[in-house]
1. Can you tell me which of (1) surrounded by 11 or more Cβ atoms within 10 Å (Cβ to Cβ); (2) farther than 17 Å from residue 7 by Cβ; (3) modelled with pLDDT under 65 is the one residue 64 doesn't meet?
2. Give 55, 76, 106, 120 a once-over and let me know the one that is within 30 Å of residue 16 (Cα to Cα) and either at pLDDT 60 or above or in a loop (DSSP other than H, G, I, E, B) (or both).
3. Return the total of residues in region 128-150 being surrounded by 11 or more Cβ atoms within 10 Å (Cβ to Cβ) and under 40 Å from the mean Cα position of the chain (by Cα).
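The values are calculated or read from the model by the stated rules, or taken from the named source; none is laboratory data. Predicted, not measured: the structure shown is a model, and the values here were computed from it. Cβ: placed from backbone, ideal geometry, glycine included. Neighbour counts: every protein chain shown.
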């Protein structure tokens, strides 16, 4: 987690430095005179930095797999994304190896207001009574309990 935050901080500081240099050149030399050079230099700097970071991750990716002690990642490809997928790299060869299984839990706990909870519980209680799973007396006492608790 610290490494991820450090990577974000480094990228943010690099963007800030490029912006400060660009603004300094624009204000000192004039917007029309140096704008093209600022954009070209900033773009070239960003491309060089992106290439260096990509190459370093690509070379170090094989060592990363060796250092991971997770049996599910051994010999399988995976992808690491930064800044919400803006920058990502894959480790391993995806053509020859199966990808990791991603299990999605569809049951998401959500907050409900008291009225919605009461309506849902009363509907479930009415369904139990309709299916003859509870008696009328049990239905009445459970309904009163629900009305009092909420």
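1. (2)
2. 55
3. So the answer is 2.
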